[in-house]
Amino acid sequence: MSNYGNAVIGLGGGPTSVINETLVATIFGLNQWIEKGNIWVMANGIDSIDKNVFYDAKRHDTETLRQIAQSTGAAPGSTRTNPKKKEGLLERTLDTFKKNDVHYFFYIGGNDTAEAAEQIRSMAERDHYDLTVMHIPKTIDCDLVENDHTPGYGSAARYVAIASMGNALDAVSIPSIKIDIVMGRHAGFLTAASVLAKQGKIDYGPHLIYVPESPVTLDRIMGDIELVYNAIGWCHVALSEGVEVPNKKPGDIRATRPLLEELTDYLSERGFSLNISDELRKDIFKVDAFGHPELSAYSFLGDFLAIALKTRSDKLKKARIRPQTLGYTQRGFFDSRSETDVHEARLVGSVAAELARSGQSGSVTLQRTDSGHNYQVSPKLVDLPLVAGKTRLLDPRYITDVGITQDFVEWVKPLVGKIPEIGRFSVKTALLK
C-alpha cells in the first residue's frame, strides 16, 4: 500500500489550541512514505469539495509548517456543515476522491466529524473503491467515547482552571459574587476543570460547580449561592452553559430544559423587560446543523442569573454580582497550551499517518495506561462506528451535589500540567487599643 495514490486531510468542528499540531504531525508522517503522491489539505473541511479549494501541503516548507503547528485556531479553516443535510455532498466528496486518485482520507474532529468519516468510508466500501479513512480525535469538550481524553481538552481545561483562579481572587478582593459561564453543551469536563483553582482548600473558589450531567433547579442554584454568600461574604460559581433544569412548563414534554429558558421565564413572570425580540429569542435558542444548541454566542445566561439573584433578597439586591462568560477564548488562548496536550496532539497525527500506510481505517483513540503515579497514554485504533455520532459524559463518580470530586482532580492534573500556586494571608491582628 505504501506510496499508493494521494492523501487528503480535513478539519471539522470548532478549532482548539493544538489542532494544528495534529494536522502538521499527520503531514510530516505522510511525507515519510507518500513520496510521489500529493498531500492536499481541505480549506474549511468538507466545504472544500464544493468550493474546490485545497492547500498543497508539499509546497510548504518545514519551517512554515512548524509555525502553523504552534498556532491556535484551525489553520486551513474548519466547518460546521453537516454533510448529511447538504444533499449529495458525501457523494460528491467520494467522487472527487475517485477523480483525483485519493486513497487516504484523514478527518480531524469530534464525534460528528467521525460520523462523516464513517459515512464516506462506508460508501467507498460499497463502491469497491480503495480508500483508507482515518478519524483523528479533537475536541475541547472531551466527549469522544472510547477515549480517556482528547487532544484540545487539556489546553482548554488549563485555561478554565487558571481563569477560575484569577476570578476567584478577584471576587474575594472586593467581596462579591462571581459567576463564570463555561463551555459545555452536554458534557461538563471543561467546567469540572475549574476545581483545580481550589487547590484542595475548602475556602478557595469556585465554591459551587454545576455541570450538564446533573440537572438542578434554578431555586437550588440561587439558594446555594445565597447560602455561601451569607456564610462567608463572597461566592464564586462555575456554571456549564449547558446546565439543564427539571422541566415543569405546562404542555412541554421535555424532561429537562436549558437553564437559560428557565431564567427568561422566571424574569418575565416578575415583570422584567428583557428587551429580547422574538427573532433574537429564536437565535439564542437555535441549534447548529447537527442539532447542537449554540450556547456560547451570547452572555445572557450569566447576565440573567445575576438579575434573578437580585430579586431573591435585600442582601443579594445590594451585593456586587459579576457574571462572566469565558466564551471562545477557552479554545484558542496561546498561553494556555498544555505540554501534555501538545505532545498528544502530535502523537495522534503521527500514529494516524503510520497506520494508514498499511491500509487500516478507523478512529485513533487515547488510552490511559498509568503505571502507579506515572502518567502514561497509549494510542489505539478502534472501528469508526464505535465513535461516530456518540457522546461521552462526565462520569457520575466525579460529580457531587455542588462540586467535583478529588478523583477527577487526580484524573485531570496530568492533562493540564502545573499551574500557579495561590498564597493568602490568614493571620489577622488589630493595631488600635
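Regarding T365, is this residue under 28 Å from Q119 (Cα atoms), outside the structural domain of P137 (by TED's automatic domain parsing) and not small (G, A, S)?
Working: under 28 Å from Q119 (Cα atoms): yes; outside the structural domain of P137 (by TED's automatic domain parsing): no; not small (G, A, S): yes.
Against the criterion (under 28 Å from Q119 (Cα atoms), outside the structural domain of P137 (by TED's automatic domain parsing) and not small (G, A, S)), T365 does not qualify.
Looking only at segment 51-68, decide whether some residue is within 30 Å of M183 (Cα to Cα) and buried (at least 21 other Cβ atoms within 10 Å of the Cβ).
No, segment 51-68 contains no residue that is within 30 Å of M183 (Cα to Cα) and buried (at least 21 other Cβ atoms within 10 Å of the Cβ).
Name every residue in segment 381-400 that is without any contact (Cβ under 8 Å) to a residue 40 or more places away in the chain, more than 16 Å from F189 (Cα to Cα) and surrounded by fewer than 16 Cβ atoms within 10 Å (Cβ to Cβ), in order of residue number. Even if it seems obvious, please write down each step before you answer.
Initially, segment 381-400 is screened for residues without any contact (Cβ under 8 Å) to a residue 40 or more places away in the chain, giving 381, 383, 395, 397, 400.
Checking which are more than 16 Å from F189 (Cα to Cα) leaves us with 381, 383.
D383, the sole residue that qualifies.
If I ask for residues that are touching a Leu at 6+ places or on another chain (Cβ under 8 Å), part of a loop (DSSP other than H, G, I, E, B) and surrounded by fewer than 17 Cβ atoms within 10 Å (Cβ to Cβ), which ones from segment 225-275 would you list? Before the answer, list the steps.
Initially, segment 225-275 is screened for residues touching a Leu at 6+ places or on another chain (Cβ under 8 Å), giving 225-226, 228-229, 235-245, 258-260, 262-264, 266-268, 274.
Then keep just the ones that are part of a loop (DSSP other than H, G, I, E, B); that gives 241-243, 274.
Matches in segment 225-275: L274 only.
For segment 1-43, which residues satisfy the criterion of being among the charged types (D, E, K, R) and surrounded by fewer than 22 Cβ atoms within 10 Å (Cβ to Cβ)? Walk me through it before giving the result.
Restricting attention to segment 1-43, the residues satisfying the condition of being among the charged types (D, E, K, R) are 21, 35-36.
Correct list: E35, K36.
Can you name every residue in segment 402-415 that is in a loop (DSSP other than H, G, I, E, B) and without any contact (Cβ under 8 Å) to a residue 24 or more places away in the chain? Don't jump to the end; show me each part of the working.
Applying the first criterion (in a loop (DSSP other than H, G, I, E, B)) to segment 402-415 yields 402-403, 405.
Listed by number, the list holds a single entry, T405.
Among the residues of segment 1-33, how many are over 22 Å from D141 (Cβ atoms), part of a loop (DSSP other than H, G, I, E, B) and in contact with a Phe, Trp or Tyr (Cβ under 8 Å, 6 or more places away or on another chain)?
3
Give L305, L280, L301, L316 a once-over and let me know the one that is surrounded by 15 or more Cβ atoms within 10 Å (Cβ to Cβ), part of a helix (DSSP H, G or I) and at pLDDT below 95.
Values: L305 fails: at pLDDT below 95; L280 fails: surrounded by 15 or more Cβ atoms within 10 Å (Cβ to Cβ); L316 fails: at pLDDT below 95.
Sole residue among the options that is surrounded by 15 or more Cβ atoms within 10 Å (Cβ to Cβ), part of a helix (DSSP H, G or I) and at pLDDT below 95: L301.
The values are calculated or read from the model by the stated rules, or taken from the named source; none is laboratory data. Predicted, not measured: the structure shown is a model, and the values here were computed from it. All Cβ positions, even for glycine, are placed from backbone atoms using ideal geometry, and neighbour counts span all protein chains on display.
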